[in-house]
Every structure is written in structure tokens, then in C-alpha cells.
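This report refers to the structure that appears directly beneath it.
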């Protein structure tokens, strides 16, 4: 199944752009290549404003799984949050991810909307801010790298403060390879 390109989505001229922060992760196959391909896909969804470095992290709640590569990016897009989520899920499915049975399972690629500006969305299909954002070092560390002063719309504290409160046993290692230099 080929994903619908974000560039094919209707974009009314009067629609405002949304500043998104997205988390990307992969723990199967050529993890770096999967992240790079997802970045290329997301560049069609809007303008990538910032990218964190790549991090190798231990999986949470997934005993026996291999380590993840994770990163966070800031994306400015005229897509509405649900439109962006649908495009990302279509992309994940096209890369072989089983969307029906993938919770806490290995995956080729995972793209999560962490934040959509200061929007708070709570529908059966989409929850923004990501409900476990404040508990996950594999997201907070790269998010801190690109947006330390960003304020979580529900917690009402900065990413710096969220990271300082984090109680986690995750191992998070910044890799030498940096998407910003590639």
C-alpha cells in the first residue's frame, strides 16, 4: 500500500500553519535508513524547522526487543492534526507496520505527534499532547535538544522542567551521526 503523499492533501490558501513536534522511532532492520526515509516523507508534509540528533534508546515495556533509534523534529505544516496523523499512519502501514497490533511491539517506523502548537486534542483517534510525553526520556531528551523552552500545554512547564522531573531507567545514548549535518 502506497501512502498518500502529504503534498497531495488539499491546503486551502487561508489555512494557518501549525507548529508540530513529532517523535520518530525504529527498532527493526536498518533503523537509520528507516528514520531517514520517514524524514524524507515528512518533508512533503510541511517545512522541517529543526531536527534533533539520533539517539539509541532502550525499549520501554517491550522485553526482549532490540534498541530503538529515536529522534524528534519540529515541523511547520498547513495540515490539520488529524490529517497529519492519517498521512503518518498510512506511511507507517506502507513501510510494513501492522497498525492493528503494534502497541508495544517491534516496528520498522513509528511517527507520533507529540505536540501541535498549544492545541489540546482528546478524541478516540488522536490525543495531543501525546499522553505519555512527560514520562518518556527517549522523547524528552531529543525534544530538549531542539526546544528546551517549549511549554507543555497541559503540564504548563517547559521541556527542561519535564526532563528534570523524569524518573526513568531508560538508557539514552546520543549517536555521532547527526541528521542536521547530513
Within segment 56-65, restricting to residues that are assigned to a loop (DSSP other than H, G, I, E, B) and under 14 Å from residue 138 (Cβ atoms), the one that is modelled with the lowest pLDDT is 62
From the list 40, 53, which one is modelled with pLDDT of 90 or more and surrounded by 14 or more Cβ atoms within 10 Å (Cβ to Cβ)? 53
Does any residue of segment 78-97 turn out to be in contact with a strand residue (DSSP E or B) (Cβ under 6 Å, 6 or more places away or on another chain), assigned to a strand (DSSP E or B) and at negative phi? no
How many residues are in a loop (DSSP other than H, G, I, E, B) and at pLDDT below 95 when one looks only at segment 131-147? 3
Against the condition surrounded by fewer than 21 Cβ atoms within 10 Å (Cβ to Cβ), touching a helix residue (DSSP H, G or I) at 6+ places or on another chain (Cβ under 8 Å) and either within 19 Å of residue 130 (Cα to Cα) or modelled with pLDDT of 95 or more (or both), how does residue 72 come out, does it pass? no
Mind checking which residues of segment 148-176 are touching a residue at least 40 places away in the same chain (Cβ under 8 Å) and not in a loop (DSSP other than H, G, I, E, B)? 172, 173, 174
Among (1) surrounded by fewer than 15 Cβ atoms within 10 Å (Cβ to Cβ); (2) farther than 15 Å from residue 159 by Cβ; (3) at pLDDT 95 or above, where does residue 45 come up short? (1)
Conditions (1) within 29 Å of residue 15 (Cβ to Cβ); (2) surrounded by 15 or more Cβ atoms within 10 Å (Cβ to Cβ); number of the one not met by residue 122: (2)
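Residue-by-condition table, conditions (1) free of Cβ contacts under 8 Å to residues at least 24 places away in the same chain; (2) under 25 Å from residue 62 (Cβ atoms):
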position	(1), (2)
79	no, no
87	no, no
115	no, yes
127	yes, yes
Residue check: is residue 111 at pLDDT 95 or above, surrounded by 14 or more Cβ atoms within 10 Å (Cβ to Cβ), in contact with a strand residue (DSSP E or B) (Cβ under 8 Å, 6 or more places away or on another chain) and part of a helix (DSSP H, G or I)? no
Would you mind stating whether residue 145 is in contact (Cβ under 8 Å) with a residue 12 or more places away in the chain, surrounded by fewer than 16 Cβ atoms within 10 Å (Cβ to Cβ) and under 25 Å from residue 84 (Cα atoms)? no
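The values are calculated or read from the model by the stated rules, or taken from the named source; none is laboratory data. Nothing here was measured: the structure is a model prediction, and the numbers come from that model. Don't worry about glycine lacking a Cβ; one is built from the backbone with ideal geometry, like all the others, and counts go over all protein chains shown.
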